[in-house]
Every structure is written in structure tokens, then in C-alpha cells.
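What follows draws every value from the coordinates through simple rules; no lab data is involved. This one's a predicted model, so the numbers in the text were calculated from it and none came from an experiment. All Cβ positions, even for glycine, are placed from backbone atoms using ideal geometry, and neighbour counts span all protein chains on display.
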Amino acid sequence: MSTVSLPASSSAPRRRRRRRRHVPWGVYALLAIFSVLFLFPIYYLVVGSFETPADTLNGLRAAAPSHLTFANYHSLSQQFFSSTITGSLQGFYTVSTLVSLIVVVGGMIVNSLAGYALARMKFRGRKTLLLLIIVLVIIPFQAIAVPLYYMLSGLRNTVVVQALPFIGSAFSVYLFYTFFLNLPPQLEEAARIDGAGPWRTFLQIILPNAKPAFASVAILSFIQIWSSYLWPLMMTSQPNVYPLSIAIGNLLKQQSTPNYGEMFAFGVLLVVPMAAFFLVFQRWFIRSVASLAVKG
Amino acid sequence: MSEIVLRDVSKIYDNGYHAIHNIDLEVKEGEFMVVVGPSGCGKSTLLRMVAGLETISDGEISIGGEVVNDLTPGERDLAMVFQNYALYPHMTVEKNIGYSLRLRKLPKEEIKRRVAEAAEILSLTEYLSQRPGRLSGGQRQRVAMGRAIVREPKAFLMDEPLSNLDAKLRVQMRSEILQIQRRVGVATLYVTHDQVEAMTMGDRVTVLRAGVLQQCDTAQALYDRPRNVFVASFVGSPSMNLLYAELGPDGTSLRVGSQNLEVPDTLFAQRPNLRAYLGRELVVGIRPEDLTMAGDGQTLVGRVGHIEALGSELIVHFGLDARNYVVEDKGGSAEEAEELLEETALTQHVRNVARVAPRSSVVTGDQVPFRVSMERAHFFDLASGNAIW
């Protein structure tokens, strides 16, 4: 860091002001470029969804439209309004929400308990189990999709089957495991001495202090399940159990000439819940574990 | 009856490590017992075994006359203060203090009353609605104490509760903890590695080394009559000077390096067993305050290394041509050990310390005769390290 040389007479507050003004512009510029690169597709998606199909694909000019319209949303709702053949928007949302709810809530319960047991309890085979879980993290879902299909084919075209393989997640278990490992064990010991049993300790002492871990797992698993495509594609063939991601794919298939305006609008409908979910949980997601320190 | 009694208690870990060896210990009702020893000596393990956080491999622990070997920590009715306080970060001070009472399903009014009372004693009333994260170290320490006293437990267990505080606050909290303990009048087991803390706080002090109880007595008794060379060197600051020496065959002189000290007859009257060491090598221990510069009599001449002027006294480090006896595993905190190592490396043979009156005319590099009070010297067997009496 460079320092600014000042006349000896200058007062301390003034020096501080000067120093603060000396910002690393280069770094900021780089960050700005990356921000634009990352944000532009989202901006394009949102703006494009309010343009006529012709404008949507009008090159860079599409990014600065002169005329905005709700037509795409209107026609989407017309196409997917309470139809039993094509399915309805409400239906897709309901399925996606239900599946996500099962995965997120079920996952937080199952994976946090598993992570806690691995971090804190002493039992035979603990290390092997941990190693197995770490190995599972790196196995892609595609590799086990076909065996899973045969195992669960009896449950095809249900909401439950779309959620089932994703409730237990090796990655979430590992995330909880590392979090609990860093939580001071004295907290639990103090609770034990105060007379709390293992369940009460977990619910009243550990859980409230593990909000960042729970928020991280909730966000990551929600994003994964909300946008999952391969598994619902394999397991659903009826519009009443289609999640949003499948519906948007089907929209493309149904149109003889692709209506990109409508697809953009559908894309927005798909993304909005994810963004909302992230905004709700991000304050715990970002809050660092260090803020929980109990040391003096 | 709320005393803590340990009978023949041992701890052997699954990997075979023998952490605690057959310890017998009794903390009487209302007594403040300090367990002191170097890092890794097993003192915290011992405390955790009493708390029930660690199982015991052998022996029996009873609290208030009831054997608690198979009771869970919660059932033992103890309160424990941890080194890092272990306050629940998500609860307010009030909830932290009252948590154990809520678990015991006490009426709300009763909990409120007891928490308010504890807060009053600890001057925490205005912080009751705050969370621990917003409190200073000393305040957190008080909350931890509050959590302990509010339960009115059978015994207090404290695991180095002052080691996270700065020096000044530590001294202040020492007396606060003592006052609270006296007020509540509960048997207390207090673990520390700081021997000054041990000496100043404990009704009795237990010295532990490598899981073996060395001596348990009042601080003064430990200081005056250490049972072995380890206790002698561990207790007292600066610690006792320990030197290899040889008792003359006729018992009239003690040879320390190249110098001879006359041995008065009274010494053998005080320590009859010393006669068995005539003509043999042993370890002589001299406390720094038993080496003075004034007057005449028996002297040991040493070269002054460096001098610490403390105002009330001078700590004079000096070298002798005699070999120093080094106690392994004397320990202390890692920081202290490092300091000690640095110090010895710097001063080489300057390993002896005298505590002399301030404004004594002593200069680094001087050859100075230090007067020795032979009656107050300690003698230890070279092989066993046990004191000779």
C-alpha cells in the first residue's frame, strides 16, 4: 500500500481523509468489468421479457429498448392457464415449490444431524464414513441417474420422487460437519452441565448458533433443486407433475417457430423465486462464522 | 454435605495413554481447592472427570456423599466455569444465567428473582438484556460466574477461568471469585497452571505432574516443606535455586561446586534422615529470599548476570561454578517456557536467583558473596527427587 506524504503540520483527521481517498482504482475497474459481464445476461433476460419477440433478438439494441410490453407474460398465462393438457403456471409453481420445500427442509434436518454426529460423536467407523461422504461429493449426479431411475421407477410421476434423491446430500453433510467442527465444544459441555440432553443441546444451543451453515445449505440446495432438469425429465411425463424447469423446456418444443420473448418471460418467472430466496437468506449466508466466537 | 471426594481415580485413554494415576483427593465443604501443574499434567482432565464430561477408568468420585461415577453431568448438580466462559452467544445475559433453572422447570418468578440476585452480586444488572458478544472480557467472566452461582450447586468447578483476562483484571477477578465462593460457601475445585494464582487463592493447593499427585497442602506448607524437588521448583516465584552438592563425610560441610558451606549441627536435628547422605551427592535447594547480601556467615560467591529492579526488591541473577539441577517438565504456559528458554540461552550459566533489598550496591559482572541461611535450605535425594527430612 502506498502512503501519501503530507506536510508535517497537517492534522490527523485530515491525514485519514486523504488516505481514504486513495483507492485502488485498477482493482475497482476490473471488478466493474466482471460485474457487467456477470450481470448483463440477467439484465438482458429481464428486459428481453418485456420486449416484442422481434426486438428481443435485435442485437445490442435489445438491451436499450424503446418500447416495453407485458405481452409475453400475457400470452404465457393464456397458454398455461389451468389447462390439463399443457399444465398450468400455478401447477408448475406448486410442484417446484413443493419439491424444493421437501429438499430444503428435509435436507436441513437430515444433513445437519449427520454432520453433527460426524463432528461430535465418537463411534466406530466414523472416519471411514466421513471419507465415503467426501468421495460422494465428487460423484456427479449424472453418473447415478440411471441406477436411481430403476430404483425409483415405481414412484414415477409423483412430486416425492423429484425430491427424494436430493434430500440427503453429501456436500451439505460435509458443510455442516466443518461448521460444527469449528463450534467450540465447551458450548455443548456447558449445556450438558446445565442439564440439557443431546436433543435439547442440539435444538437450543447448536441450532441457533449454526444459522450461517443452515442458510448456506438452504440457498445452495434450493438453487440446485429449483433449476434441476435431468431428473424431473426422467421421472415425469404428465403435465400435472411438471416442475417449472421442464415446463420451460416443453414450451420450446411446442413452438414451431421459437418465441424468444415468451421464453425470456418464462426465464424471469423461473429466476425470480431463486433471487427472492437468496435475498432472504443471504444475511446469514454472508455472516462469517467468526462473529459467533465466544472467546474473550 | 457438599464435599468432593476422589478415591483412587485413574484415567486411561483408548490409545493407552495414562492421563491420571490413582488420585486420592478430598475437597471439604466450603473449601477452595486449587489444582496446579504444568501444561498437559492432567489437571483439566481431572476436573472434567469430576464434571462427568470425561469418563473415569478406575476409582470412585463422590459429591456430597453420593457416588457420581454413573451420573450424567447434569445429574451431578455441579456448576462449571470454562476457560473461554462458554456463554451461549445467542442468549442474553439474563437467559444465559437462567438457562439451567429453566431446564429444571423452576417457576418463572423464582428464576427471575435468582437471576436478579446473582446479577446484583456480580454488578451485571444493567447488562441483563445484552448478549455476551457485546460484553468485555471481565463482564463475560462475571456472567460465567453468575451462571454458576445461580444454580446453588453442590460444587463449583473452574477450569482456568482467569487465563483469558489481562494481568490487572486477573488480579481483580481473583479476589472477586474468592469473595463469591466464600459467600456461597460451596466446595470448589479450581484448575490453573499459574502458581501465583494457586498460592493466593487456594485454601489448599494440589500439585499435579504427569497425572500423578505430588503434594496437597496449604500454600505455605507447600512452600516451606515441599515433598519433592518438583514441587520445590514449581511453587514459588522466582523458583528455588537447585544445585548439585556433596555432603562431607563428617557432616560438617557441604560442597557446592568449588565452594564449601559449613553445616550447622541443628540441621541434622531438623532433618535426621540427612545423616544417611554423609559423603554422598544430593540436591540442595535455596529459595531466592534465603540468599542475602547483608551481614556475614556462610557465603556462596557468584558472578552477577543481570538485575531486575522491581522497586520493592532486586532480583539478582547470578552464576556459580556449581552445576544446576534442572527439573524436567516444570512447565508453565508455552509462553513462559519460551521465555525461560530464551533467558537461559542468553545468560548461559546465570541460573541462580537472589532476592535482595532495593538499592543494594550490586553491579552486573561483580563477584558477590551471597549469604546463605543453611537452616532454611532444602535437601533432595538425587535419584528419587524426594525431600530429605
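Take each residue in B:82-93, count the other chain C-beta atoms within 10 Å of its C-beta, and the mean is 6.
Put simply, when A:155-163, A:136-144, B:45-53 are sorted by average Cβ atoms within 10 angstrom per residue, most first, you get B:45-53, A:155-163, A:136-144.
Computed on segment B:167-301, the Cα convex hull volume stands at 165 Å³ per residue.
Rounded to the nearest 20 debye, the dipole size of segment A:17-78 about its Cα centre is 880 debye, using +1 on the Cβ of Lys and Arg and -1 on the Cβ of Asp and Glu. Only DSSP H runs of four or more residues enter the estimate; each adds -39500 (n - 2.57), and after division by the residues of chain A the mean residue ellipticity at 222 nm equals -21000 deg cm²/dmol.
What is the sum of charges, Lys and Arg at +1 and Asp and Glu at -1, for the other residues whose Cβ falls under 15 Å from the Cβ of A:S66? Residues close to A:S66 contribute a combined charge of -1. In units of the compact-protein estimate 2.2 N^0.38 Å, segment B:87-183 shows a Cα radius of gyration of 1.03.
For peptide A:200-207, the mean count of partner chain Cβ atoms within 10 Å of a residue's Cβ comes to 2.
Each Cα pair under 8 Å and six or more residues apart adds its sequence gap; the mean of these over the residue count of segment A:84-292 is a relative contact order of 35 percent.
Given a cut-off of under 8 Å on Cα pairs at least six residues apart, what relative contact order in percent is computed for segment B:17-139? All intermediate terms of the calculation are to be shown ahead of the outcome.
Numbers: 74 pairs, mean separation 21.6, N = 123.
Relative contact order for segment B:17-139 comes out at 18 percent.
Taking trypsin sites (Lys or Arg not before Pro) across segment A:159-265, none is in a DSSP loop with at most 16 further Cβ atoms lying within 10 angstrom of its Cβ.
With the radius of gyration and the Kirkwood radius both derived from the Cα set of chain B, what is their ratio Rg to Rh?
Rounded to two decimals, Rg/Rh equals 1.05.
Distances longer than 33 Å among the Cα atoms of segment B:4-233: what percent of all pairs is that? Percentage above 33 Å: 16. For chain A, the direction-averaged projected area of the alpha-carbon convex hull comes to 24.6 nm².
Across the options B:V9, B:N84, B:A357, the greatest Cα extent toward the positive end of the charge dipole of chain B (unit charges at beta carbon of Lys, Arg, Asp, Glu) belongs to B:N84.
Does segment B:1-46 come out rounded, prolate or oblate, given a ≥ b ≥ c as the square roots of the eigenvalues of its C-alpha gyration tensor, rounded meaning a/c under 1.5 and, failing that, prolate meaning a/b above b/c? Oblate, because a/c is 1.5 or more while a/b does not exceed b/c.
Computed from the C-alpha gyration tensor, the three semi-axes of the ellipsoid equivalent to the protein assembly as shown are 71, 32, 24 Å, from longest to shortest.
What shape does segment A:103-228 have by the C-alpha gyration tensor, where a ≥ b ≥ c are the square roots of the eigenvalues, rounded means a/c under 1.5, and otherwise prolate means a/b greater than b/c and oblate the rest? Here segment A:103-228 falls in the prolate category.
Counting DSSP beta bridges with both partners in chain B, what percentage is antiparallel, nearest 5? Percent antiparallel among DSSP bridges in chain B is about 75. Based on every Cα atom in segment B:1-126, Rg and the maximum pairwise Cα distance Dmax equal 17.0, 50 Å. Separation of segment B:195-258 and segment A:47-74, taken as the distance between their Cα centroids, equals 89 angstrom. Among residues other than B:T292 with Cβ under 13 Å from its Cβ, the summed charge is 0 (Lys and Arg +1, Asp and Glu -1). Using the rule -39500 (n - 2.57) for each DSSP H run of four or more residues, divided by the residues of chain B, the 222 nm mean residue ellipticity is -8000 deg cm²/dmol. Each Lys and Arg contributes +1 and each Asp and Glu -1, all at the Cβ; summed about the Cα centre of segment B:102-220, the dipole is approximately 600 debye.
So which chymotrypsin sites (Phe, Trp or Tyr not before Pro) in segment A:24-127 pass both tests, a DSSP loop state and at most 16 other Cβ atoms within 10 Å of the Cβ? If you can, show how the numbers build up before the last one.
On the way: sites: A:W25, A:Y28, A:F34, A:F38, A:Y43, A:Y44, A:F50, A:F70, A:Y73, A:F80, A:F81, A:F92, A:Y93, A:Y116, A:F123; in loops: A:F50, A:F70, A:F80, A:F81, A:F123.
Answer by residue number: A:F70, A:F81, A:F123.
Scoring B:200-207, A:274-281 by mean Cβ neighbours within 10 Å over their residues and listing the highest first yields B:200-207, A:274-281. With 0.36 nm allotted per residue and the present C-alpha distance subtracted, the B:D70-B:A309 stretch has 80.6 nm of extension available. P(r) tail, segment A:17-78: Cα-Cα pairs separated by more than 16 Å, 59% of all pairs.
Averaged over B:95-102, how many beta carbons belonging to a partner chain fall within 10 Å of each residue's beta carbon? Shielding by partners across B:95-102 averages 3. Name the aspartates and glutamates eligible as straight-distance cross-link partners of B:K105: C-alpha to C-alpha under 17 Å, and not fewer than 8 places from it in the same chain. Hits, sequence-local ones excluded: A:D194, B:E75, B:D77, B:E94, B:E152. Dividing the Cα radius of gyration of segment B:234-319 by its Kirkwood radius returns 1.00 for Rg/Rh.
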